[in-house]
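The values are calculated or read from the model by the stated rules, or taken from the named source; none is laboratory data. Only a predicted model underlies this, so the values are computations on that prediction, with no experimental measurement involved. Glycine also receives a Cβ, built like all others from the backbone with ideal geometry; neighbour counts cover every protein chain displayed.
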Amino acid sequence: MHTQLFGPVRQWGFVVRDLDAAMKCWVEQLGVGPWWGYRNVPLTSRFRGMETEVLLDVGLSYQNGVQIELIQQRNDAVSPYWAFYDTPHAQMLHQVAYMVPDLDAALLKAKAAGLSENGMLSNAHSRYYYLESPALAGLVVELMQADPAFLAEYERCAAEAARWDGNDPYRLVG
């Protein structure tokens with residue numbers, strides 16, 4: 001029997017030019033919501049050997065238990081997202097993400113499967129690795145640590161989104 005390398009896809013991540021406009025689009029045109037918004041999220045970025053401080057606005061929603069992440073970079077630091085801003089698009093699929101119980105072991109599996117690291121974001125609590133392969137044609141694979149608190153919040157929000165009645169579509173968290 002075939003087993004998935006990292007388990008199920010838990011997130012689809014999109015880079016956007018305007019977080020508020022993108023969330024509005026997803027609510028009004030696709031019926032996806034509610035959105036939890038985080039403003040001015042500082043992260044350390046390591047991208048293709050360069051380390052910078054990146055500032056992000058992030059929107060999170062859920063569809064059928066899968067997280068949809070909208071990412072707007074607020075500064076001009078080199079990061080895994082920056083190439084998007086050289087395109088004419090308002091939003092674009094950037095990554096599929098997996099939550100793994102052992103990040104270091106998953107990185108070894110990824111390397112053995114032919115994926116290579118192109119970047120990493122981190123803060124005091126978390127690390128997010130971005131992997132690439134020429135065969136993926138620009139689509140990035142994100143690996144994130146699945147700790148119990150993170151998973152509990154993920155499941156709580158996914159359940160709330162499944163019950164969403166269309167009211168209160170935007171919830172600014174930070």
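Checking F84, F14, F6, F47 one by one, the residue that is hydrophobic (A, V, I, L, M, F, W, C), over 23 Å from H125 (Cα atoms) and touching a residue at least 60 places away in the same chain (Cβ under 8 Å) is F84 and no other.
In the set A113, A90, A106, only one residue is among the hydrophobic types (A, V, I, L, M, F, W, C), on the phi < 0 side of the Ramachandran plot and surrounded by 14 or more Cβ atoms within 10 Å (Cβ to Cβ); that residue is A106. Considering segment 38-63, and only residues there that are among the polar types (S, T, N, Q) and either modelled with pLDDT under 95 or buried (at least 21 other Cβ atoms within 10 Å of the Cβ) (or both), the residue that is farthest from D165 (Cα to Cα) turns out to be S45. Taking G33 as the residue in question, decide whether it is under 27 Å from A152 (Cβ atoms), in contact with a Pro (Cβ under 7 Å, 6 or more places away or on another chain) and either surrounded by 12 or more Cβ atoms within 10 Å (Cβ to Cβ) or not small (G, A, S) (or both). Here the answer is yes, as G33 does meet what is asked. Among the criteria (1) touching a residue at least 60 places away in the same chain (Cβ under 8 Å); (2) closer than 19 Å to S61 by Cα, the one A159 does not fulfil is (1). Scanning segment 119-150 for residues that are crowded, with 17+ Cβ neighbours inside 10 Å, assigned to a loop (DSSP other than H, G, I, E, B) and modelled with pLDDT of 95 or more gives no hits.
Only one of the numbered conditions (1) more than 30 Å from R156 (Cα to Cα); (2) of a type in the set (A, V, I, L, M, F, W, C); (3) buried (at least 20 other Cβ atoms within 10 Å of the Cβ) is violated by L70, and that is (1). In segment 151-165, the residue that is surrounded by the most Cβ atoms within 10 Å (Cβ to Cβ) out of those that are farther than 21 Å from L5 by Cα and hydrophobic (A, V, I, L, M, F, W, C) is A161. Confirm whether V9 is within 17 Å of E155 (Cα to Cα), within 17 Å of the chain's Cα centre (by Cα) and among the aliphatic types (A, V, I, L, M). Yes: the conditions hold for V9.
Annotation: of all residues in segment 83-107 being assigned to a helix (DSSP H, G or I) and of a type outside the set (A, V, I, L, M), the one that is farthest from L136 (Cα to Cα) is D104. When E153 is tested against the conditions (1) at pLDDT below 95; (2) part of a loop (DSSP other than H, G, I, E, B), the lone failure is (2).
Count of segment 22-44 residues, restricted to those that are out of contact with any strand residue (DSSP E or B) (no Cβ under 8 Å at 6 or more places or on another chain) and part of a helix (DSSP H, G or I), is 4. The single condition from (1) at pLDDT 95 or above; (2) not in a strand (DSSP E or B) that I71 fails is (2).
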